[in-house]
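*Asks:* What follows is a structure written as structure tokens; I'll ask about it next.
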Amino acid sequence: MTISLRAATVQFQHRANDKNYNLSTIERFIAQAAEQQVQLLAFPEMCITGYWHVRHLSDAEVRALAEPIAASPSLARI
């Protein structure tokens, strides 16, 4: 028995510390993937917050970026 799965990956230029911009970009990719009947869509790690700038943040600033998974406003959008 063969099962097919349409999968895709995404790479985009995120904006450091700009969740709204990054989430809007992610939403556009999700909509495009849905139109193409993609069943599994993979994004880079930390693409919501960006990651290159994190090493320069204080512990408090990193914690401010974090969200609890169960009540994540970012995950609720996507």
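*Asks:* Of (1) touching a residue at least 12 places away in the same chain (Cβ under 8 Å); (2) not in a loop (DSSP other than H, G, I, E, B), ARG55 satisfies all except one. Which?
*Replies:* Looking at each condition in turn, ARG55 falls short on (1).
*Asks:* Same structure again: How many residues does the range 13-33 contain that are of a type in the set (Asp, Glu) and surrounded by 13 or more Cβ atoms within 10 Å (Cβ to Cβ)?
*Replies:* 1
*Asks:* So how many residues does the range 5-19 have that are modelled with pLDDT of 95 or more and either farther than 15 Å from PRO44 by Cα or polar (S, T, N, Q) (or both)?
*Replies:* Residues in the range 5-19 being modelled with pLDDT of 95 or more and either farther than 15 Å from PRO44 by Cα or polar (S, T, N, Q) (or both): 4 in total.
*Asks:* Right, next: Restricting attention to the range 28-51, and to residues there that are over 13 Å from GLN11 (Cα atoms) and of a type outside the set (A, V, I, L, M, F, W, C), which single residue is nearest to the chain's Cα centre (by Cα)?
*Replies:* THR49
*Asks:* Would you mind finding the one in ARG15, ARG28 that is in a helix (DSSP H, G or I) and free of Cβ contacts under 8 Å to residues at least 60 places away in the same chain?
*Replies:* Only one candidate passes the filter, namely ARG28.
*Asks:* In the range 34-48, which residue that is in contact with a Lys or Arg (Cβ under 9 Å, 6 or more places away or on another chain) and within 14 Å of ILE78 (Cα to Cα) is surrounded by the fewest Cβ atoms within 10 Å (Cβ to Cβ)?
*Replies:* Within the range 34-48, the match that is surrounded by the fewest Cβ atoms within 10 Å (Cβ to Cβ) is LEU40.
The values are calculated or read from the model by the stated rules, or taken from the named source; none is laboratory data. Not measured: the values here are computed from a predicted model. Neighbour counts are summed over all protein chains in view; Cβ atoms, including those assigned to glycine, are modelled from backbone coordinates with ideal geometry.
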